[in-house]
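What follows is one structure encoded as structure tokens, with my remarks underneath.
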Amino acid sequence: MKSGMKSRQKSRMAVALLLSSALTGSALGQAQQADVLITGGTIYDGSDAKPFTGDVTITGDKITYVGPKANVTAKRTINARGMIVSPGLIDAHTHSDHFLESPDKALRANPAWTMQGVSTVFLGIDGNGTPNLKDRFAKFSANGIGTNVVSYVGFGAIRQAVIGEAARAPTPAELDKEKALVVKGMCEGAIGLSAGLFYAPQNFAKTDEVIALAKEAGRRGGIYDTHQRDETSYSIGLINSTKEVLQIGREGGIPVHFSHIKALGPVVWGKSADVIKLINEARASGQNVTANHYPWLASHTGLDAALIPRWASDGGDAAMIKRFDDPALMKKIKAEMVENLKRRGGAQAILLTSGAADGGTAKDAPAKPWTGKYLSDIAKEWKVDPLDAAIRIIRETGGKASIVSFNISEPDLENFMKQSWTVTSSDGGPGHPREYATFQTKYAVYVKQKHVIDTGFFIRHSSGLTADIFKLDRRGYLRTGYFADVLVFDPNRYVPKADYVHPAVLSEGVQELFVNGVAAVDNGKPTGATAGRPLPHTPPAGTCN
Ligand SMILES: [Zn+2]
């Protein structure tokens, strides 16, 4: 009911704003000059407001008008009749580093994302974000990138730097060092602290260590983002893991954000209801809890992360592979792998991909004999047990083999998608079509085909709501004075082209995408422009000295 009031107030405000800007235009009695006029499109402004037919103008890097017919002359006019005009989309969880850091400008332009209509990507997720953010942001600015960038400082990067790969708690001195690195990251513009407690060595941390660090991020206005410890039944289980995240938020005094929220594997299918109930109860009690999700039934991770028990990766990949040579240890590892394979739905639910994934730091990798094949088929081809096939692949890749694993149920996925507090993310990285096709897939399948959500919900939960959750300054909405991240797409042609076997194919249907007022996509084609900017978070005064 509260939100109904809010949205009524918002739409009254929107009408008032429209009237005042229309009056300003006519009061001047003359046409104003804009750089770009997008005319006659169906406008979704990123809020809950109803769409309307109208115009948007851009001058410099700002939106200068949103409303019914604009009284302007423009250097360039885009006829958007039959098209949807919306804020540029925001992707709350990506592994797009390999593009944004590429020596090739055409890749830094980030077409995999701009061709989905995405103008802002989040980096440093799953605990991977460097605390040296000032340097990283400066490099992005100097080299040029195609999308705006938001970044976390990562618990994994910090723990690795201070304690290495060891499976133990930090000493008090080490904990202080970890805290100092969180502060450094936050004070250099991180949006918050990300963690991937599922992955080693982050997995070796107990909850209290994470809370101590989350406090430092919370004090500086950050958010705690997590690839939670267990999305299935590997360790503490999905429900206890969800409770752990909520506890970190409460005791850390920090908003929490679940990344790629899901119920992973047949053992927890149907548990989305319990997770949602826990989150709704926490929200009702006043806790700030949100999530992002991706619209895919297959997840993407390392073959070793999926199958090898965590204790066996203590010390890193090389130490793990050395344990394979010890027959007694190998026997123990294999016994646990049997259970892990079951959790993943069996060897026929694991597709080996071309990328390499290791705790989310995916890098491009050349195709191997198993690329694009299911683990079950490779095992048959090699005439070995699927577990032996997996071990051979892990050995040959030095622990860097990646998989897509079909382990999410449709009802759970839809259940998470429909929540008022869930926004879109791709989790995109090499080897899974979500890198190129997440937003089109969500629209084509869940808006147009299955009617799970409508167009307004899709856009709001991929732009305005995301900007609200992360308090992004003047982003996520089509509003006068906001930065001109503006998307024009053809709802009939906005479709994915990538699939699990051909994951790296550009999506279609984006007619125009402006990033800070510059066309990143023009007439359906990437322009190669690099008008993206780092979007550093500003901590409250006095918290960074
Ligand atoms: Zn993740």
Restricting to DSSP H runs of at least four residues, report the calculated mean residue ellipticity at 222 nm for the chain, -39500 (n - 2.57) per run over all residues, nearest 500 deg cm²/dmol. -10500 deg cm²/dmol
Under 20 Å from the Cα of Lys271 - lysines, other chains or at least 8 residues apart: Lys243, Lys262, Lys342, Lys418
Which value, in Å² and to the nearest 10, is the accessible area of Trp311 when all protein chains are kept and the probe is 1.4 Å? 80
In whole Hz, the Karplus estimates of ³J(HN,Hα) for region 435-452 (6.51, -1.76, 1.60; θ = phi - 60°; x where Gly or Pro) are 5, 10, 9, 5, 6, 5, 5, 4, 6, 5, 8, 9, 8, 7, 8, 9, 6, 6
Between 0 and 90°, nearest 10: helix 327-343 axis offset from the chain longest Cα axis: 40
So, by mean Cβ neighbours within 10 angstrom, what's the order for 59-67, 131-139, 294-302 with the highest one leading? 294-302, 59-67, 131-139
Phi-derived 3J(HN,Hα) across region 524-529 with the Karplus relation (6.51, -1.76, 1.60, θ = phi - 60°), rounded Hz, x for Gly and Pro, is x, 10, x, 8, x, 5
Descending accessible area (1.4 Å probe), largest on the left, turns Glu414, Glu435 into Glu414, Glu435
Run the accessible area of region 382-525 with a 1.4 Å probe and give the carbon-and-sulfur part as a rounded percent. 51
Tell me, what is the per residue accessible area of the chain in Å², probe radius 1.4 Å? 39
What's the angle, to the nearest 10 degrees (0 to 90), between helix 272-284's Cα axis and the longest principal axis of the chain? 60
How large is the accessible surface of Glu101 in square angstrom, using a 1.4 angstrom probe and rounding to the nearest 10? 110
If I fit a long axis through the Cα atoms of helix 172-187 and take the longest principal axis of the Cα atoms of the chain, what angle between them do I get, 0 to 90°, rounded to 10? 20
What ranking, highest mean first, results for peptides 474-480, 232-238 when packing means the other Cβ atoms within 10 Å averaged over each residue? 474-480, 232-238
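The values are calculated or read from the model by the stated rules, or taken from the named source; none is laboratory data. If you're wondering where the values come from, they're calculated on a predicted model, not measured in any experiment. Positions of Cβ are generated from backbone atoms using ideal geometry, with glycine treated the same way; all protein chains shown enter the neighbour counts. Side chains are part of the model used for accessible areas, which takes the heavy atoms of the whole protein and leaves out ligands, DNA and RNA. Shrake-Rupley method; radii C 1.70, N 1.55, O 1.52, S 1.80 Å.
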